[in-house]
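Take a look at the structure set out below.
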Amino acid sequence: MSITFSLDKSTRTLLYQQLAEQIKSAIVRGELTEGMQLPPVRRLAAELSVSTTTVAQAYDLLASEGIIGGHVGRGTYILSSPLTALARARAPFGGDLQASDPASICQRQRLDWATGWLGGLSLQASRAGQLQWLTQRALERWGDPATMLNLSSGYPDVSLFPIERWERSMARAGRLLAEEARQAASLQVLQYGSTLGDEALRRYLCQYFTRFGFQPEPQEILLTSGNQQGLDLVARVLLAPGEPVFIEEPAYLAALDIFEQLRAACQPIPVDEEGLRLDLLEQALEAPAARPRLLCVVPTAHSPTGATMSCERRQQLVELARRYNLLIVEDDYCSELFYDESRCEPPPALRSFDCEGRVIYLKSFNKLIFPTLRLGCIVAAQPILARLVEGKQAFARGTSLPLARALLEHLSDPAFEEELCLYRQEYRRRRDALLNLLAEELAGLECRWTVPGAGFNLLLWLPPQLQEYEVIEKAADRGLLLAPGQLFRVENSQQQLPSVRLTFADKSPEQLREGVQRLSSTLRALLHGSGTRRGRASPDLFTAV
């Protein structure tokens, strides 16, 4: 970065405020753009002949306004904000703020007004947004999106989905819904319905959930757009501002985003090969200080490790909840995709061990069908569900009736069970291919990894002498996109071993081989003190402060 800042020590304006304003001006002029990294505090302080406190205060001020972001070990960089939006919008004018045609003046006035209004809002960079930003910058480093291998997605393979059958499901649902609407006694079917959602789908789900060992009543089910909305609703309704919450570590990325944006105090409980460490949870529950009343857990296909909790541990967890008056939020996004060939059914849900209503069960069909489906549900005891319904009414009357009927048609077709079987076989084949490749290509590198019992991902621990973001940067130079493990840890986490999440579900065995070979060459080059840069480099993209 070649921008020069100049501070005037003779004015009454504090030095850190001057520096913050000059950085803002550079963003508006387009000299500092989204993703660019600011100089380390010590280096900039030396260049300006000021104390490090001055620079740190300027950075803190900008961070509080959502203009810059970063963490120790990752650097400080420009975030997407109203200022960067204004700079992008002015770019068509070539940076000329004196454009005189009426359309240009009108557009500039709208942007200036909106930017000023938003300036008082504090923006927080989400972890999902940071992963998206890393993806964009990695593509820029490599320069060829067609040959970039993305092992960071966390996605299923939508090419496996039978789109023709979904088309038939939608058509049949539409015909049946039209017939129902034509009946004189059912004209209200096209009006706003219950916030709970379509009763026909909810009645079907009561039977569907018997595969997980429990059978709720229709009035205990609230339809949602998926588990992310469900968890957000639970957090907004059942957590007071600043209230602590137990969460797994590493944790589901969206769960961290939701709790942190609601200012909940996340208290992490580590995960091992069988899921949540109940011994450490019990220690935390016995602590004399105020303890969380709510726990968020993914017992099957834990994200990002893929760990699946044993039946014994599930039963023990529900017993702990009873003993310590704990409410559990069970996140189930793909329990049907389990890889234990000795089983005929998915592992039982935590809710199947619950006789008192201490488990709120979240179910999503988005990764079983396809991610843009956007349909799931919450299952909870009626007193709790009633509060959640009240909370949902504040922003949504209910879910789409036509979509709910299409999902009902799709799930109730016997072909769905056959498809689940095929999905399990194919994803297990890809998981096994990745595990074999890691053992083959990373031999002797002090790496270790989880063996997922379900789902789409595993967690890989890197050689301890390496830095996560150094690996991410150099892997991008080789056309490999990785998700840093730090995104799945709480702030100020004690788990500092470098790691990355690897997704195998949406990659063929051939793509997995190429990806692991690129990873192996990256690690070996770093361990031997060398690295190859190629593509369009972005200077100091991931360099630490």
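The values are calculated or read from the model by the stated rules, or taken from the named source; none is laboratory data. The structure displayed is predicted, hence computed values, not measured ones. Cβ placement follows ideal geometry from the backbone for every residue including glycine, while neighbour counts extend to all protein chains displayed.
General observations
- Residue in the range 182-216 that is nearest to D354 (Cα to Cα), counting only those that are charged (D, E, K, R) and touching a residue at least 24 places away in the same chain (Cβ under 8 Å): R211
- Any hit, the range 280-289, residues being acidic (D, E), surrounded by 20 or more Cβ atoms within 10 Å (Cβ to Cβ) and either more than 18 Å from the chain's Cα centre (by Cα) or assigned by TED's automatic domain parsing to the domain that holds W449 (or both): no
- For the range 144-186, residues that are small (G, A, S), surrounded by fewer than 10 Cβ atoms within 10 Å (Cβ to Cβ) and over 29 Å from V516 (Cα atoms) total 2.
- Being aliphatic (A, V, I, L, M), part of a helix (DSSP H, G or I) and on the phi < 0 side of the Ramachandran plot is a property that holds for A404.
- The residue list L19, L44, L7 contains one member that is buried (at least 16 other Cβ atoms within 10 Å of the Cβ), touching a Leu at 6+ places or on another chain (Cβ under 9 Å) and outside the structural domain of S81 (by TED's automatic domain parsing), which is L7.
- Checking each residue in the range 43-67 for being aliphatic (A, V, I, L, M) and in a helix (DSSP H, G or I) picks out L44, A45, A46, L48, V55, A56, A58, L61, L62, A63.
- Annotation: of all residues in the range 213-227 being out of contact with any Leu (no Cβ under 9 Å at 6 or more places or on another chain) and not acidic (D, E), the one that is nearest to T399 (Cα to Cα) is Q215.
- Hits in the range 341-355 - residues which are part of a loop (DSSP other than H, G, I, E, B) and over 26 Å from the mean Cα position of the chain (by Cα): E341, S342, R343, C344, E345, D354, C355
A quick yes/no check of all residues on (1) outside the structural domain of Y361 (by TED's automatic domain parsing); (2) in contact (Cβ under 8 Å) with a residue 60 or more places away in the chain:
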site: V379; (1), (2): no, yes
site: P383; (1), (2): no, no
site: R387; (1), (2): no, yes
site: G391; (1), (2): no, yes
site: A394; (1), (2): no, no
site: T399; (1), (2): no, yes
site: P402; (1), (2): no, yes
site: R405; (1), (2): no, yes
site: E418; (1), (2): yes, no
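- Residues that are β-branched (V, I, T) and either assigned to a strand (DSSP E or B) or in contact (Cβ under 8 Å) with a residue 40 or more places away in the chain (or both), drawn from the range 249-302: I269, V271, V297, V298, T300
- Test: residue in the range 467-478 that is basic (K, R) and either in a loop (DSSP other than H, G, I, E, B) or outside the structural domain of V516 (by TED's automatic domain parsing) (or both): yes
- Sub-7 Å Cβ pairs linking a first residue in the range 228-244 that is outside the structural domain of S364 (by TED's automatic domain parsing) and within 10 Å of L294 (Cα to Cα) to a second residue that is part of a helix (DSSP H, G or I) and at pLDDT below 95, at least 6 apart or interchain, number zero.
- Complete set of residues in the range 306-340 that are closer than 20 Å to F259 by Cα and within 21 Å of the chain's Cα centre (by Cα): I328, V329, E330, D331, D332, Y333
- In the range 187-205, the residues that are buried (at least 18 other Cβ atoms within 10 Å of the Cβ) and either at pLDDT below 95 or part of a loop (DSSP other than H, G, I, E, B) (or both): L196, G197, D198
- Count - residues of the range 484-518 that are modelled with pLDDT of 95 or more and assigned to a strand (DSSP E or B): 5
- Condition met for S80 (of a type outside the set (A, V, I, L, M, F, W, C) and farther than 25 Å from A128 by Cα): no
- Some residue of the range 161-179 being β-branched (V, I, T), part of a loop (DSSP other than H, G, I, E, B) and under 31 Å from the mean Cα position of the chain (by Cα): no
- Complete set of residues in the range 206-244 that are surrounded by fewer than 23 Cβ atoms within 10 Å (Cβ to Cβ) and either aliphatic (A, V, I, L, M) or in a strand (DSSP E or B) (or both): A235, V237, L238, L239, A240, P244
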